[in-house]
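**Student:** Sharing a structure with you now.
We did not get these values from a lab; they are worked out from the coordinates using the rules stated. In this text, all values refer to a predicted model and were calculated from it rather than measured experimentally. No Cβ is skipped: glycine too gets one built from the backbone with ideal geometry, and neighbour counts run over all protein chains shown.
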Amino acid sequence: MIEVQEALDLIDRFTSRSKSVRRTVDASLNGLILAEEVYSTINLPEFRQSSMDGYAINGISDNYQIIGEMPAGSSDIFEIQSGEAVRIFTGARVPESADRVIMQEHVKIANKGITVTKFPDQGINIRAVGSQIQQGQKILDRGVKITPAIIGMLVSIGCAEVAVIDPPKVAVLVTGDELAKLGSEKKASQVYESNGTVLQAAVQEDHCDFLYCASVKDDYKASVIAIHKAINDADLVLISGGISVGDYDFIGRALDELGVLKHFHGVRQKPGKPLFFGYFNQTAIFALPGNPASTLTCYYVYVRRWLQRYQGIKPVLKKMILAAEIHNRFGRALFVKAKIHEGCAVPIDEFNSATLLSFSKSELLIYMRADVKVLNEGELVETFEI
């Protein structure tokens, strides 16, 4: 059995970075990671652009005759002389002869013309060419997570495709004869299976390519067959249950039979002590404890770290002020569920590894090292996001 930091270090050491792929910007990029820097090939805006609804003029005069109109998208050309104005709208191209745009709130309309109640300085209300983004400017760094706003920016500069980190293909296996699928007939001795759905939701939240979730009976041969298929299908295999040392825990034996290279099995922590991590060729395998809260804890602490390393992201533990003291009477590292209140981490005093109720109230995990017996109120503590 190893310590938490040893386990994290082994994940860092043995996780190879994914290759990049090119994706069109109109594909589903949200949440993926850029694999290259992005430079603009155009100025934005590409033309002098009005930032207001109003009137484009050339010089100061007592009144102005309106000679035309420029809605957004219009290609009309106007040569504005002194005493003339063009009605213009937000986003429209400002005629080259105009030296300013007057807000419509600052004019009075009379006899097909206008008088101005307040003159702006030259250039006011006109977005200059390249004032937002200049041609050749770097707009995004490698390693940035793509958001809807970034997608919109890429489209606005005419970027048709980008290189992104190829998201891992993930297969989930759930073991246990005591588990019944939601909607099926459940025996009195069974419980509804939730870990498969939970893990599917978690990997999709982390923008992975989810392949499938398969149920596996508590049977050695069935375990070998299911794992063999998954490691040939996926970049990452998550197995829930069957990894402890009970008479009906067959996953460890099946992994050995298949020749999976074990990096660790067992971490001195609560919850989630039986955790397994290894590789078969290029496929990573995490065998997670079957208790629901243990499964989720190990996912957020270890599996998500693997995903970050795979995508070239350096994991960082967020530090927060502790709102109430925590005592460690277990002699192992603790991951304590907590919520956030006024910028502080508030522990939720539930250590039951079989329930998701406390997880449903939580926003982070407080990490308490095995050699620490008490964390005091007001202390700065390390946390994992959930």
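**Student:** What list do you get for LEU322, LEU261 if you sort them by fewest beta carbons within 10 Å? Before the final figure, lay out the partial values.
**Tutor:** Working: LEU322 22, LEU261 12.
The fewest-first ordering by Cβ neighbours comes to LEU261, LEU322.
**Student:** Charges only on Cβ, +1 for Lys and Arg, -1 for Asp and Glu: so what's the dipole of the chain about the Cα centre, in debye to the nearest 20?
**Tutor:** Working: 41 positive and 46 negative charges, 118 e Å.
Dipole size: approximately 560 debye.
**Student:** Ordered by residue, what ³J(HN,Hα) values in Hz, to whole numbers, does segment 135-148 give under the Karplus form 6.51 cos²θ - 1.76 cosθ + 1.60, where θ = phi - 60° and Gly and Pro are x?
**Tutor:** 4, x, 6, 6, 10, 9, 8, 4, x, 6, 7, 6, 10, x
**Student:** Could you give the nm distance between label points at ASN30 and PHE14, where each point is 7 Å from its Cα heading toward the beta carbon?
**Tutor:** 3.6 nm
**Student:** Ok, one more. Towards the positive end of the charge dipole of segment 49-127, with charges on Cβ (+1 Lys, Arg; -1 Asp, Glu), say which of ALA56, ILE67, GLN104 has the farthest Cα.
**Tutor:** Toward the positive end, the furthest listed residue is GLN104.
**Student:** To continue, here is another question. For the chain, set up a GNM with springs between Cα atoms under 10 Å and report which of ALA160, ALA370, ALA284 has the largest fluctuation.
**Tutor:** ALA160
**Student:** Let me ask something additional. What is the Cα centroid distance between segment 261-278 and segment 129-157, reported in whole angstrom?
**Tutor:** 42 Å
**Student:** Follow-up. Take the chain, connect every pair of alpha-carbon atoms lying under 10 Å apart with a spring to form a Gaussian network, then pick out the residue of ILE11, ILE239, ILE80 with the largest mean-square fluctuation.
**Tutor:** Judging by the Gaussian network model, the answer is ILE80.
**Student:** Check which residues have an amide H placed less than 5 Å from ALA85's amide H, if you skip close sequence neighbours.
**Tutor:** The answer is GLN65, ILE66, ILE67.
**Student:** How compact is segment 49-127 by the rule of thumb for globular proteins, expressed as Cα Rg over 2.2 N^0.38 Å? Mind showing how you got there, number by number?
**Tutor:** Working: Rg = 10.8 Å, N = 79, 2.2 N^0.38 = 11.6 Å.
Normalised Rg, Cα atoms only: 0.93.
**Student:** In this model, which of LYS187/LYS217; LYS270/LYS337; LYS221/LYS273; LYS169/LYS318; LYS337/LYS373; LYS19/LYS314 are farther than 19 Å apart at the alpha-carbon? Before the final figure, lay out each step's value.
**Tutor:** Details: LYS187/LYS217 16 Å; LYS270/LYS337 11 Å; LYS221/LYS273 25 Å; LYS169/LYS318 28 Å; LYS337/LYS373 17 Å; LYS19/LYS314 16 Å.
Beyond 19 Å between Cα atoms: LYS221/LYS273; LYS169/LYS318.
**Student:** Related question: Of all alpha-carbon pairs in segment 79-225, indicate the percentage at a distance above 23 angstrom. Don't skip to the end; give the middle numbers.
**Tutor:** Working: 7077 of 10731 pairs.
For segment 79-225, the fraction of Cα-Cα distances above 23 Å is 66 percent.
**Student:** After finding the eigenvalues of the alpha carbon gyration tensor for segment 281-322, what semi-axes result from the square roots of 5 times each, listed largest first in whole Å?
**Tutor:** Numbers: eigenvalues 85, 69, 4 Å².
Ellipsoid half-lengths, sorted descending, are 21, 19, 5 Å.
**Student:** Given +1 on the Cβ of Lys and Arg, -1 on the Cβ of Asp and Glu, and no further charges, what dipole in debye does segment 49-127 carry about its Cα centre, rounded to the nearest 20?
**Tutor:** On the way: 7 positive and 10 negative charges, 38 e Å.
Dipole about the Cα centre, nearest 20: 180 debye.
**Student:** Using every Cα-Cα pair within segment 318-385, state what percent have a distance larger than 18 Å.
**Tutor:** Details: 662 of 2278 pairs.
Percentage above 18 Å: 29.
**Student:** Would you mind checking which residues have amide H under 5 Å from SER97's amide H? H placed 1.01 Å from N; only 5 or more apart, or other chain.
**Tutor:** ILE80
**Student:** Rg and Dmax of segment 114-177 over Cα atoms: what are they, in angstrom?
**Tutor:** Rg then Dmax for segment 114-177, in Å: 23.0, 84.
**Student:** ALA160 versus LEU258, label points 7 Å from Cα toward the beta carbon: distance in nm?
**Tutor:** According to this spin-label approximation, the distance is 4.2 nm.
**Student:** In degrees from 0 to 90, rounded to the nearest 10, what is the angle of the helix 220-233 Cα long axis to the longest principal axis of the chain?
**Tutor:** Compared with the principal axis, the helix lies near 20 degrees.
**Student:** Let me ask you something else. Which value does Rg/Rh take for segment 1-67 over its C-alpha atoms, Rh per Kirkwood?
**Tutor:** Details: Rg = 27.3 Å, Rh = 19.3 Å.
With Rg and the Kirkwood Rh in hand, the quotient comes to 1.41.
**Student:** What order do you get for HIS228, HIS263 when you list them from fewest to most C-beta neighbours inside 10 Å?
**Tutor:** Numbers: HIS228 14, HIS263 18.
Fewest-to-most Cβ neighbours within 10 Å comes out as HIS228, HIS263.
**Student:** Something else: Tabulate in residue order the Karplus-calculated ³J(HN,Hα) for segment 251-256, using 6.51 cos²θ - 1.76 cosθ + 1.60 with θ = phi - 60°, rounded to whole Hz; enter x for Gly and Pro.
**Tutor:** With the stated coefficients, segment 251-256 comes to 5, x, 5, 5, 5, 4 Hz.
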